[in-house]
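Read the structure below first, then the notes.
The values are calculated or read from the model by the stated rules, or taken from the named source; none is laboratory data. The shown structure was predicted, so the numbers you read here are calculated from the model rather than taken from an experiment. When we count neighbours, we look across all protein chains shown, and the Cβ atoms used for this are built from the backbone with ideal geometry, even at glycine. These area figures cover heavy atoms from the full protein model, side chains too; ligands, DNA and RNA do not enter into them. Shrake-Rupley method; radii C 1.70, N 1.55, O 1.52, S 1.80 Å.
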Amino acid sequence: MSVTISSISESLPAFLNANQYTKIQVIADEKTFRHCYPVIKPFLPKHNLVKIKSGESEKHLGTCEVIWQAMTDNELDRHSLVIDLGGGVIGDMGGFCASTYKRGIDFIQIPTTLLSQVDASVGGKLGIDFHGFKNHIGVFQIPKTVLIDADFLKTLPFSELRSGFAEIIKHCLIMDAEKWEEIRRKDFEEQNFTDLIAHSVAIKEKIVEADPTEKGLRKILNFGHTLGHAIETYFLGKPKLHLLHGEAIAAGMICEAYISFERGMIDQKLLENIEEFIFSVYGKATIKESDIEPIIALTAQDKKNKGKEVRFSLLEGAGKCTYDIAVSKSEMKKALEYYM
C-alpha cells in the first residue's frame with residue numbers, strides 16, 4: 001500500500017509522471033470542488049470532472065449511477081485513472097465505482113478531511129450504504145496510491161476536524177497506550193494533527209498489511225464501531241439529530257469500553273479516563289430510552305457478525321484490543337443506558 005504524506009504540489013505531479021494514463025476523471029463534491037479542486041487543477045493534465053452532492057446521505061447506488069454514467073460518457077478505458085478528491089464518502093464511493101467499472105480501473109485517493117486522512121482513505125475498504133445500512137455493499141481494493149496533504153485541513157469546519165479526531169483516539173486505544181496517554185492530557189485545540197496523521201496512518205498500514213481483507217486482526221479497527229455505526233445509522237433518519245461519523249463513534253467507544261469493563265477486560269480507571277476525555281471533546285449525544293431498541297436492532301446487520309451472534313472488538317487494556325467477542329442485547333442495552 002502506497003501512502004505519501006507531503007505537499008500535494010509535489011506528490012501529485014510525481015505520481016502522474018511515473019504513471020501513464022489514457023484519461024483521468026476527478027470526482028469531487030460541491031465543497032471540495034470549491035476549496036480543494038483549485039489546488040490540484042494546475043498539476044493535472046487534461047481531465048474530466050464529475051461533481052456529486054456531499055454527505056453520507058448521498059452514498060448510495062443512485063449516485064454511483066451518476067459516476068458510472070460520467071465514466072461511460074467520457075469513454076474511460078481500463079488504462080484510465082479516477083482521482084477521488086474528498087472525504088470518506090467520496091473515497092468510499094469513488095473507489096467502489098472505479099473498482100467495479102469495466103471490472104476495475106486504477107484510482108487514487110486525495111483525502112481532504114481529517115477522518116479520511118487518518119482512516120477512510122487507507123486500507124482499501126470501499127462501499128456504499130444500502131437501504132439505510134452503512135457500507136452494506138462494497139469491495140476490498142487497495143488504491144494505486146494515497147496522497148495526504150495536511151494543508152487541506154485548513155478548509156474544514158471545526159465539526160469535521162473534531163469528527164476525524166475520533167479515529168485518532170481509536171487508533172491510540174487499540175494499539176498505542178503511550179500515545180493515548182499523550183493525547184488525553186491535551187485539549188483538542190492543542191493536538192499536533194500533522195504528527196497524529198502520520199501516527200494513525202502507520203498503525204492502519206501495519207494492521208492492513210497483516211490482514212488486508214479483515215479475516216482477523218483488522219477487526220480491531222472496529223472498536224467503537226458496532227454500536228457507533230448503529231447510532232450513526234439510526235440518526236441518519238433523523239435529520240435534526242444527525243450525528244457526524246466521528247461523533248457517533250465517540251459515543252460507541254464509551255459504550256464498548258463499558259462492555260469491556262463489565263467483562264473485567266479493563267479497569268475502572270481506564271473506563272473513566274476514556275469517558276472523561278471523549279465527553280470533554282464531543283459532549284454527549286442525545287440518546288433517549290425509546291432509541292435504545294432500534295439502535296440495538298441495527299447491530300444485527302454489522303459486518304463482523306457470525307450467524308445470530310453480534311460480534312464486537314473490545315479493549316483488553318490501553319493499547320490492546322481483541323476481536324470476535326459475542327455480545328448480548330442485554331449487554332448492549334446496559335452500555336447504552338450507561339452512556340445516557
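Is it true that some residue in region 283-304 is farther than 25 Å from Asp187 by Cβ, of a type in the set (S, T, N, Q), open to solvent by less than 70 Å² (accessible area, probe 1.4 Å) and touching a strand residue (DSSP E or B) at 6+ places or on another chain (Cβ under 7 Å)? No, region 283-304 contains no residue that is farther than 25 Å from Asp187 by Cβ, of a type in the set (S, T, N, Q), open to solvent by less than 70 Å² (accessible area, probe 1.4 Å) and touching a strand residue (DSSP E or B) at 6+ places or on another chain (Cβ under 7 Å). When region 126-164 is filtered for residues that are acidic (Asp, Glu) and surrounded by fewer than 17 Cβ atoms within 10 Å (Cβ to Cβ), only Asp151 remains. Which residue is surrounded by the most Cβ atoms within 10 Å (Cβ to Cβ), if the candidates are limited to region 305-340 and must be within 24 Å of Ile174 (Cβ to Cβ) and polar (S, T, N, Q)? Taking the candidates together, the pick is Ser313.
I need the full set of residues from region 44-68 which are within 19 Å of Leu115 (Cα to Cα) and among the acidic types (Asp, Glu), in order please. Within region 44-68, Glu56, Glu58 meet the criteria.
Using the structure shown, decide if Ile40 is touching a Cys at 6+ places or on another chain (Cβ under 6 Å), in contact (Cβ under 8 Å) with a residue 12 or more places away in the chain and part of a helix (DSSP H, G or I).
Numbers: touching a Cys at 6+ places or on another chain (Cβ under 6 Å): no; in contact (Cβ under 8 Å) with a residue 12 or more places away in the chain: yes; part of a helix (DSSP H, G or I): yes.
For Ile40, the condition - touching a Cys at 6+ places or on another chain (Cβ under 6 Å), in contact (Cβ under 8 Å) with a residue 12 or more places away in the chain and part of a helix (DSSP H, G or I) - is not met.
For region 55-73, the set of residues classified as within 17 Å of His245 (Cβ to Cβ) and open to solvent by 60 Å² or more (accessible area, probe 1.4 Å) consists of Ser57, His60, listed by residue number. For region 268-284, residues that are touching a Phe, Trp or Tyr at 6+ places or on another chain (Cβ under 9 Å), more than 16 Å from Ile249 (Cα to Cα) and without any contact (Cβ under 8 Å) to a residue 24 or more places away in the chain total 1.
Basic (Lys, Arg), open to solvent by 20 Å² or more (accessible area, probe 1.4 Å) and out of contact with any helix residue (DSSP H, G or I) (no Cβ under 6 Å at 6 or more places or on another chain) - does that describe any residue in region 201-210? The answer is yes; a qualifying residue exists. Looking across region 230-268 at every residue that is assigned to a helix (DSSP H, G or I), of a type in the set (Asp, Glu) and at pLDDT 95 or above, the one that is nearest to Asp324 (Cα to Cα) is identified as Glu256. Of all residues in region 269-304, those being under 18 Å from Cys321 (Cβ atoms) and in a loop (DSSP other than H, G, I, E, B) number 3.
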